[in-house]
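Only one structure is covered here, and it is reproduced in the block below.
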Amino acid sequence: MKSYIRIFHKTISTSFVYRSNLYMPMLAYFVFVFLQYSLWSAVFALNEPKGTTISQMMTYIFIGMMIRFLTTATASDQLSQEIREGKIELMLIRPYNLFLFFLAKQLGRIVVDFITKGLPLLGISLLFLSPFIQIPYNLSNWLYFGFCCINAVIIAFCMDYMIGLMAFWIIETWQLRFLIQDIGNVFSGVFIPLWFFSEPFLWIANLLPYPYLYFYPINVLLGNVDHTSFLSLTLVGLSWSIGLLVVIMLMWHLCKSRIVIQGG
């Protein structure tokens, strides 16, 4: 455990070395929030959607942006590069589990992103958009929301890790990564809430793990999910986490048979 804690701390410390890399993403998030506000203000000015207000919409987007700092996984970049360049065997001889190694790095990046991007975004959004953002203060909703966020982190990391392992079968994984991200942006409800879509679309979305990254956690915090429904959502979300972990174990078993170490 001490090794993974060191990896966690090292990831945080090295992220603050190149501080210029932190400014542009922060600016991009501010621009994104401004564009979302301008877009939805124009939509509600023309024709207000039934059952939804501009305050509910901006609160949804704001919470989704904060969750995005938790669910943006990057393990597939380094993992696929290590596999493609043949350096994976050097990582395997080190005294740690490869999955836990990348998980510790991911948790470190989450802390860095929340400090450098999440907190400034939180402050500026509440300063300029406070009339349109209604943060709920129900303690039980926050507890449920925290559990949903932990499960969302596990699901997002597992999906990204699986993409990295695909480098054992395909040379480049960036195309697959962007494809999965684009599909997730549609079915997760991160940009447009799923309540705007038709029943057939919702049926397809519920067959995928994406709504458990954004849509359901946000609805839990907003109080749109009762206690009975939360229990069923929790069981399905945990099933996705466990199922993805099992798939990773099976993939890793197949991957080890494809590793060839020269001279050994």
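Annotations for the structure displayed:
- Of the set (1) part of a loop (DSSP other than H, G, I, E, B); (2) out of contact with any Phe, Trp or Tyr (no Cβ under 6 Å at 6 or more places or on another chain); (3) not hydrophobic (A, V, I, L, M, F, W, C), all apply to residue 189 but (2).
This table checks each residue for (1) among the hydroxyl-bearing types (Ser, Thr, Tyr); (2) surrounded by 18 or more Cβ atoms within 10 Å (Cβ to Cβ); (3) within 28 Å of residue 189 (Cα to Cα).
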| site | (1), (2), (3) |
| --- | --- |
| 42 | no, no, yes |
| 45 | no, no, yes |
| 62 | no, yes, yes |
| 71 | yes, yes, yes |
| 78 | no, no, yes |
| 85 | no, no, no |
| 90 | no, no, no |
| 95 | no, no, no |
| 105 | no, yes, yes |
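- Residue 223 under 30 Å from residue 39 (Cβ atoms), out of contact with any Ser or Thr (no Cβ under 6 Å at 6 or more places or on another chain) and open to solvent by less than 70 Å² (accessible area, probe 1.4 Å): yes
- Looking across region 233-247, the residues that are open to solvent by less than 30 Å² (accessible area, probe 1.4 Å) and closer than 14 Å to residue 220 by Cβ come down to 234, 237.
- Condition broken by residue 220, with the remaining ones in (1) touching a residue at least 24 places away in the same chain (Cβ under 8 Å); (2) more than 24 Å from residue 72 (Cβ to Cβ) satisfied: (2)
- For region 125-158, a residue qualifies if it is touching a residue at least 24 places away in the same chain (Cβ under 8 Å), open to solvent by less than 70 Å² (accessible area, probe 1.4 Å), farther than 28 Å from residue 209 by Cβ and in a helix (DSSP H, G or I), and exactly one does: 132.
- Some residue of region 98-120 being in contact (Cβ under 8 Å) with a residue 24 or more places away in the chain, among the β-branched types (Val, Ile, Thr) and farther than 25 Å from residue 14 by Cα: no
- Residue among 254, 231, 208, 202 that alone is assigned to a loop (DSSP other than H, G, I, E, B) and not aromatic (Phe, Trp, Tyr): 208
- Of the set (1) in a loop (DSSP other than H, G, I, E, B); (2) loosely packed, with under 15 Cβ neighbours inside 10 Å; (3) not polar (S, T, N, Q), all apply to residue 183 but (1).
- Test: residue in region 161-176 that is assigned to a helix (DSSP H, G or I), in contact (Cβ under 8 Å) with a residue 60 or more places away in the chain and among the hydroxyl-bearing types (Ser, Thr, Tyr): yes
- Filter result (among the β-branched types (Val, Ile, Thr) and buried (at least 23 other Cβ atoms within 10 Å of the Cβ)) within region 191-217: none
- Counting only helices (runs of 4 or more DSSP H) that sit completely within region 1-107, those holding 2 or more residues that are closer than 30 Å to residue 255 by Cβ and at pLDDT below 80 correspond to 2-15, 88-92.
- Counted residues, region 248-264 - those being open to solvent by 60 Å² or more (accessible area, probe 1.4 Å) and modelled with pLDDT of 90 or more: 2
Table: residues versus (1) at pLDDT below 90; (2) in contact with an Asp or Glu (Cβ under 8 Å, 6 or more places away or on another chain); (3) within 21 Å of residue 69 (Cα to Cα).
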position: 213; (1), (2), (3): no, no, yes
position: 224; (1), (2), (3): yes, no, no
position: 227; (1), (2), (3): yes, no, no
position: 231; (1), (2), (3): yes, no, no
position: 245; (1), (2), (3): no, no, no
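The values are calculated or read from the model by the stated rules, or taken from the named source; none is laboratory data. Everything numeric here is computed off the predicted structure, so don't read it as measured data. Ideal geometry is used to build each Cβ from the backbone, glycine not excepted, and the neighbour counts take in all protein chains shown. For the accessible areas, the whole protein counts, side chains as well, though only heavy atoms, and no ligand, DNA or RNA atoms are used. Shrake-Rupley method; radii C 1.70, N 1.55, O 1.52, S 1.80 Å.
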